[in-house]
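S.K.: Below is the structure I would like to discuss, written out as structure tokens.
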Amino acid sequence: MSDRGGVIGWFGRRWNQLFFEGGDARDLGVVRAIFAGTLLLLSFWFQRDFPLWADVHPWVWAPVLAFRGMTPGHLNGTMLEVLLWTWRAALALTAIGLFTRTSSVVAAVTGFLVLGLPQNFGKINHNFGLVALCLVVIAVSRAGDAWSVDRLRQVAREARGPFQPDPPRLGAEYRWPLGLMQVLAVLVLWSAGIAKLRSPGAIAWITTDNLYFTIIRHFYTHRPPLALGLWVTQWPLLCKAMAAGSLLLELAAPVLLFLRGRWRMLMLAMLAGMMLGFGLLLGVLFLHFILTLLILFVPWRVAGAWVAARLPARHFTILFDGSCGICRKTVAVISALDLMERAEIRDALGEWPALAPRFPALTQAQCLESMRVVREDGRAYDGFEGYRALAWAIPLWWPLLPFLYLPGVPTIGRAIYGRVAIGRHQAGCPIPQ
């Protein structure tokens, strides 16, 4: 299909790109980290009363299909509390990418129960359906191959020979999970538009005062944060125009899959704005869905590159002992964390003839004794001060910067670095102490 010309060929090529082409482990990894981390933070608000579902009277139990085999008598508050904290722990491990395969599976299973159980008491919140499905997709994918502690551990284990930068991991296995989650997200919106076409129908949805009366009713039943809805109802024609606009946006949501660049961002902003409008006018805020939509469709690497290009540039050269196993592991991890590519890593043992003219103020013995970090203006740091200087160039270390400058921390850091430096010789480093 993708070889044919015209509109069908264009859609075919876009469909192949959506699932099979241009897969980068970093794209999937950053979505995994942001998605799981966001869910973890939201759980302390939206699921804070989750154990209380054990106290709901059995007569309101109305199980959906997936929970037909369960009865309210199987529930107790302690069990639900343990289930909730197990989910949170699994989300935390999934977010940082530690034991990703196991933690993501546990997060998907426990998340299905935590998010699904409240849907069995007569009111179904469709806001959580997409979240549960995305957890399953992440669990069965290779989402821990980048932006993860697991990957850093693997990089450190593989740092046996001369230093080599960690190459990007590419392949369709990193593209289809994102494509599938994006398809699921737009289908939720599209199905909402289809439901409006079926009942009450497109003509009735737009031409009647259905939205007008809905806004007024929700002002008293759902308590929206502002009285904006009552102000809008002063113009019934505006309510009809808003009804038509929401229907068109929902039906056009699948187009988001095929757009690129600014057009995709424009469409994404319109859809997110529509749902935020629902929250302001109707008091119904689909926060989980809005955040999931943004997480899945924002091009995070492009956004990161845009931010990095506008930040003050600090470039460093790291001079290390290429014969030391601990040093090789350290610089391999630093290279993997260097998302903005601000650090140049050079072996002071094997490359010194080429490095000596560049750094006349340093000796090879100094660089082999402890790692040296040289700023672009020529200022050199070693030991703890070297790591603190690097923290300015590595985004994941930025939260640590205030702590690294606290009184007493440098003294402790130097002591720890000294102990590690002594230990590397005991671990078999061939350079004499």
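The values are calculated or read from the model by the stated rules, or taken from the named source; none is laboratory data. Note that the structure is predicted; figures quoted are calculated from it, not measured. So basically every Cβ, Gly included, is an ideal-geometry build from the backbone, and we count neighbours across all protein chains shown.
S.K.: Take the conditions closer than 30 Å to L39 by Cα and surrounded by 17 or more Cβ atoms within 10 Å (Cβ to Cβ) and apply them to L211. Does it pass?
M.R.: When the stated conditions are applied, L211 does not pass them.
S.K.: Return yes or no: is F316 more than 21 Å from the chain's Cα centre (by Cα), over 28 Å from R358 (Cβ atoms) and among the hydrophobic types (A, V, I, L, M, F, W, C)?
M.R.: Judged against the criteria, F316 is not a match.
S.K.: From the list W190, W235, W176, pick out the single residue that is at pLDDT 85 or above and over 23 Å from T292 (Cα atoms).
M.R.: W235
S.K.: Scan A95, A33, A25, A90 and give me the residue that is without any contact (Cβ under 8 Å) to a residue 24 or more places away in the chain and crowded, with 18+ Cβ neighbours inside 10 Å.
M.R.: Matching residue, one of A95, A33, A25, A90: A90.
S.K.: Moving on. Considering only residues of region 128-147 that are in a loop (DSSP other than H, G, I, E, B) and touching a residue at least 60 places away in the same chain (Cβ under 8 Å), which is surrounded by the fewest Cβ atoms within 10 Å (Cβ to Cβ)?
M.R.: Per the criteria, the residue is R142.
S.K.: Does S323 qualify as being of a type in the set (S, T, N, Q) and in a loop (DSSP other than H, G, I, E, B)?
M.R.: In short, yes.
S.K.: I've got another one for you. Quick check on R198: is it without any contact (Cβ under 8 Å) to a residue 24 or more places away in the chain, closer than 30 Å to R13 by Cβ and loosely packed, with under 12 Cβ neighbours inside 10 Å?
M.R.: For R198, the condition - without any contact (Cβ under 8 Å) to a residue 24 or more places away in the chain, closer than 30 Å to R13 by Cβ and loosely packed, with under 12 Cβ neighbours inside 10 Å - is not met.
S.K.: For region 84-128, enumerate the residues that are of a type in the set (K, R) and in contact with a helix residue (DSSP H, G or I) (Cβ under 9 Å, 6 or more places away or on another chain).
M.R.: Result: R88, R101.
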